[in-house]
Structure formats: C-alpha cells, structure tokens
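These notes concern the structure reproduced below.
Since every read-out is calculated from the coordinates, none of them should be taken as a lab result. Just so you know, these numbers come straight off a predicted model, no measurement behind them. All Cβ positions, even for glycine, are placed from backbone atoms using ideal geometry, and neighbour counts span all protein chains on display.
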Amino acid sequence: AVSWNAMIRGYAVNGHLDEAKQCFAKMPNPNSVTWTTIVAALAENGNIDDAKAMFDKMPERNVVAWTSIVAAYAQNGHLDEARELFEKMPHRNSYSWNTMISVYVQNKDLHEAKRIFDAMPGKNLVSWTPLISAYAQSGHLDEAKRLFDEMPQPDVVLWTAMIKAYAENGNITEARRTFDLMPQRNIVTWNVMLAAYCQVGLLRDATRQFEEMPERDLVSYTTVISAEAQYGRLERARALFDEMPLRDIVAWNTIIAAYSQAGNLSEARNLFEKMSTHDVVSCNIMIDAYARLGYLEEAKRELEKMPRQDVISWTTLITAYAFFGYVEEAKALFDSTPEKNLLAWNTLLEANCQHGELDDARTLFENMPEWD
RNA sequence: UCAACGAUGUUAUUAGA
C-alpha cells in the first residue's frame, strides 16, 4: 500500500489527477493514507465536491482525514463550511488547529485567527508564524515583533517570516539586521531578503545579494526578473530569463508580463506560444496584454479560449472595456460573469462613475449583495 | 515507513502612501 500511495501522491503533486484516480481505482486495499491523499489532491485542483464525496465514502475517518477536508473547503473559498467541519470533527490535533488559524489569516480575519489561536491547546511554531505574519501585514509590526520576541526558540521559518514582516513595512534596515542576526538561513531566507531589496527599488543591492547567494533557484531568478522589468530594464530581465538553467511556468509568465507591460505585444505573444503549458495566470497576462493596447476583441477571444476563467480574467477584461469607454459592453460582460463577486461589482461600479453614468451606478450599488 | 498545518517569485481592480 505504501508504494501505491507514493505513486498516487506522485501523480497528484504533478497535476495528473486522472492518473492518480485510475491508480486509486485499481488499488486493491486503499488505506486511510490513500484516501486522504486523494481528498487533498482533489481539493487542490478545485474539485471540492469530488473531495467531499470521497471524504464521505471513506470507510473510516481519522484526524488527518478531517483536517484535510477542513483545509479543502478553506482552499476553495468555503470558509463557513470549513469552520463548521472543524467544530464537528471528533478530535482535533495541532494540525487541525493550525489549519484553522492560517485559514483565517489567509482570509484576513485576524480577529478570528487570534480567537482560534487563544483557544488552541499546545501551540507550536506553526501556530505562531502565520499570526505574526498577519500582524505585520495589517501594519501592526510592533505586535508582530512582540510576539516574535516571546518565542524562546524561533526556527528558520519564523525568522524568515520576521524578515518579511520588516520588509513589508518598508524597514529594510531591520530586515537586513534580522537576516544577519539569525543563526541559519536557507534558500527561502535569501529569497525573502532578495525580494525585500527589490520591493524598495534597491536593485544594486538585490543584484549583489543575488550574486552572493549560496544557491539560486527559480524563485530567486523570477524575483529579480520581475523587479528589473518593473524598473524598465527589460533587457536585463530577458538576459536573466535566458540565463536560467530551468524555467517553470511562473518564470515564463513573468517574462511575458514584462513584455506586455512594456507594450511589446508581439514578443509577449511569441513567448506565450512557445510555452508548453498555460495556466490561468498566463492567459490572464495575455488578456491584459491585448486589452491594455485596446485590442478588446482579441482580449475577449483569449478569455473565451480559457478552459476556466477566474475573477482576475473577468476584471481585467471588464476594466479594459470600461477604460476605453465601452461601458455598455462592460456591463454586458459583467452580466455574463458566472459569479458576481464583490470585486467585479466594484469594478463595474467604478466604470459607471468614471463615465458619469451615475444613475446606473446607483442602481448597481443598490443591487449589490454586499458592500465594502 | 507513505497522507492533513507556518516563511519566498508571475496577472486584474480598489485603497494607501
């Protein structure tokens, strides 16, 4: 069973869900590990209903199974169901509690995260780290630091989170001090420091950091490529991209976005066609590449070609239509959006206001399911 | 022994500055 599980997991992490399922179907005696692997894999690919169906079919459900279905709902945006299941599960271990903490943190509900945290018995580093990050992200750097200082034995992950916390709040000096102070660093630590320099536009320091790093991975390259592009140094970005020993989809997306932002649609498209696979982000970048130059039809066609769109695909297109003055078309697109979430409502509302269609804006506003 | 939790890179909107 162990080797079967390894196979299934291998397929799952590489996105080969069908093979994973086939393997599962052929397997003589799936155990609880197998079931949980499948549930998690389904959820990661957005099949929350299938994941739940699997969970319900399980012959027995242990803490791990319960925790993964909780995480599954949360990953797919069903926060309330996640919470409900968390309350309902027969036993909770630290993984379960920690999952709930980071779920609330990801949903920017710091209060609820804190409540779970306070109620949690036997907190560990994994409980503290997301909370500290959340404080920093919401501008409460002092509180983040206070919690950090309370930790007797911070590990690399927590130290690195603290560097990020300083960097996010623009304190590059403290970020660097922390970097120098910590007992050991790993590649993520180096990358965070690298990104910190990039974010504040210290590209010289970033480049030096990049060269001094003990090793460079995909993230290191992509961080610098993106930064160079952002500061208008497209040539350098491209040179780095070409220099990469390996390129993943994020690296490709980054360089394509760089060309798009520079208005070089033909090279963006050229690279897009050279890629072996596209994900939602790649397509969104292309939609934007067309849209920002006013090629709205092409942008729309790109969206329609996508196997499935996300909020960003729609807002990109709707905003572009509105931006170029096609408010009616923007509205039509909005109406064809499968899920009208707050973001899309706001986008359209904004469009109406900008073009002086205040009556429409008011009607829209009054029909919104919620406001922020 | 294999499964579920924390730190890093790419796309839109708005806000901040």
>> Nearest 500 deg cm²/dmol is fine: what mean residue ellipticity at 222 nm does chain A get from its DSSP H runs of n ≥ 4 alone, each adding -39,500 (n - 2.57), divided by its residue count?
In response: -22500 deg cm²/dmol
>> Test of understanding: express the Cα radius of gyration of the range A:286-326 as a ratio to 2.2 N^0.38 Å, with N the residue count.
In response: 1.01
> Which residues in the range A:204-220 have a backbone N closer than 11 Å to a point placed 7 Å from the Cα of residue A:243 along the Cα-to-Cβ line?
Replying inline: A:207-208, A:210-212
> Could you state the principal axis extents of the C-alpha atoms in the range A:230-281, from the largest down, to the nearest angstrom?
Replying inline: 27, 24, 16
> For the range A:1-135, with only Lys/Arg (+1) and Asp/Glu (-1) charged at the beta-carbon, what is the dipole magnitude about the Cα centre, in debye rounded to 20?
Replying inline: 320
>> Longer than 21 Å from Cα to Cα, which of A:26/A:57; A:52/A:123; A:300/A:331 are they? Say none if no pair is.
In response: A:52/A:123
> Computed on alpha carbon atoms, what radius of gyration and Dmax characterise the range A:1-110, expressed in Å?
Replying inline: 13.8, 45
>> I want to verify a result. In a Gaussian network model of chain A, Cα cutoff 10 Å, which of these has the top mean-square fluctuation: A:319, A:189, A:222?
In response: A:319
> Where Rh is the Kirkwood radius over the Cα pairs of the range A:72-115, the temperature 25 °C and the viscosity 0.890 mPa s, what D in µm²/s does Stokes-Einstein return?
Replying inline: 236
> Across all directions of projection, what mean area in square nanometres is found for the Cα convex hull of the range A:154-231?
Replying inline: 4.6
> In a solvent-free Debye calculation with one equal scatterer on each Cα, what is log10 I(q)/I(0) for chain A at q = 0.07 Å⁻¹, listed in the order of the q values?
Replying inline: -0.41
> Hey, got the dipole for the range A:66-213? About the Cα centre, +1 on K and R Cβ, -1 on D and E Cβ, debye to the nearest 20?
Replying inline: 120
> How are the C-alpha pair distances of the range A:70-229 spread across 10 Å bins, as whole percents from the shortest bin up?
Replying inline: 10, 35, 30, 19, 5, 0
